[in-house]
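Below is one structure, written out as structure tokens; comments come after it.
The values are calculated or read from the model by the stated rules, or taken from the named source; none is laboratory data. Keep in mind the model is a prediction, meaning the values are calculated, not measured. Glycine gets a Cβ as well: all are built from the backbone with ideal geometry, and neighbour counts include every protein chain shown. What goes into the accessible areas is simple: the full protein's heavy atoms, side chains included, and nothing from ligands, DNA or RNA. Shrake-Rupley method; radii C 1.70, N 1.55, O 1.52, S 1.80 Å.
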Amino acid sequence: MTNFSYKKMFDLTGKTAIVTGGIGILGKCFCSGLAEFGANVVIIDIDGPAAHKFSNELTSKYGVESIGIECDTSSPKEVNIAIKLIVEKFGEIHILHNNAQGRSSPVSFEECTLEDWRLTSKVNEEGYFLMAQAVGKQMIKQNFGGSIIQTSSIYGVMGPDHRIYKDSLISGAPAVYSFTKSGVIGLTKYLATYWAENKIRVNTISPGGVEGGQNEIFKKQYSNRIPLGRMAFREEMVGALIYLASDASSYLTGQNIIVDGGLEAW
């Protein structure tokens, strides 16, 4: 162990990482972080042209191989086609980041229809299930393990403080969001124990509120609830992902890392 390198534990060179929702507000940062640490990045998004364009940017900037794939992760057919394309291109899959986010309807809980509910749940539940299932099968076949990371939310852990949305002109997180994000954590814990013998680690990242163009009223009201006194910058979520994707977390599975400026601790 005299030549052991702690720095190299974070190195992702030569590994293939998939990020769903890869061109979203956090998705681009997650993809960039993985690429900067050496991973070949597969950007999966419902917006195919944007995914292709961003993959070219990653290749140019970081010198890794990157491809964009248009895919509705709630479609079993499209998911299976995407995984087949990835394996044909790269041979192996080492990392999956289930990060896609379903759309939310602004209607109240009392007025929410099943169709409104499914706008979110078909991606946040069914999409995460389908991607984890397909990639898990491939990782088992490869027989050397892997890392699956899933994006949940503080609202999968705790209820929203609805007061922070008052007078801000920003709609609060709907019930289906909390419901599905809580389910993501449950799925993580289940798969962590289910696939442990296959050396597949499964963990969750739960971000707090991330700054992204909200008005000053909302940012002030939200920040007043945070021990660190502000909303997160999107780049601040990436460190947790690199840790979970890399060998630095080789003895960590079934965990939920909450990156919220201390909100859940208060």
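Only Lys, Arg, Asp and Glu carry charge here, each on its Cβ (+1 for the first two, -1 for the last two); on that basis the chain has a dipole of about 480 debye about its Cα centre. With all pairs of different C-alpha atoms in the average, the Kirkwood value for the hydrodynamic radius of segment 69-197 is 16.1 Å.
Computed with the Debye formula from one identical point scatterer per Cα of the chain, without solvent, the log10 of I(q)/I(0) at q = 0.08, 0.15 Å⁻¹ comes to -0.31, -1.11. Among the lysines of segment 153-266, pairs that are 8 or more positions apart or on different chains and have alpha carbons within less than 26 Å of each other number 8.
In the chain, the portion of solvent-accessible area held by carbon and sulfur atoms comes to 54 percent [1.4 Å probe, whole percent, DNA, RNA and ligands not counted]. Per-residue ellipticity at 222 nm, computed for the chain from helices alone with -39500 (n - 2.57) per DSSP H run of at least four residues, works out to -11500 deg cm²/dmol. Rounded to the nearest 20, the size of the Cβ-charge dipole of segment 5-59 about its Cα centre is 200 debye, with Lys and Arg at +1 and Asp and Glu at -1. Three principal axis extents of segment 1-82 based on alpha-carbon atoms, in descending order, are 49, 26, 20 Å.
Calculated from the alpha-carbon coordinates, segment 161-266 shows an Rg and a Dmax of 16.0, 51 Å respectively. The relative contact order of segment 158-266, computed from alpha carbon pairs under 8 Å that lie at least 6 residues apart in sequence, is 33 percent.
If all Cα-Cα distances of segment 38-83 are sorted into 10 Å bins from 0 onward, what percent lands in each bin, rounded to whole numbers? Binned Cα distances yield the sequence 32, 47, 20, 2. Which lysines, on any chain, are close to residue 7 with Cα under 20 Å apart, when same-chain ones fewer than 8 places away are left out? Correct list for residue 7: 15.
Using alpha carbons only, how many angstrom separate the centre of segment 39-55 from the centre of segment 127-143? Answer, in whole Å: 20.
For the chain, the relative contact order is 18 percent, taking Cα pairs closer than 8 Å that sit 6 or more residues apart in sequence and dividing their mean separation by the residue count.
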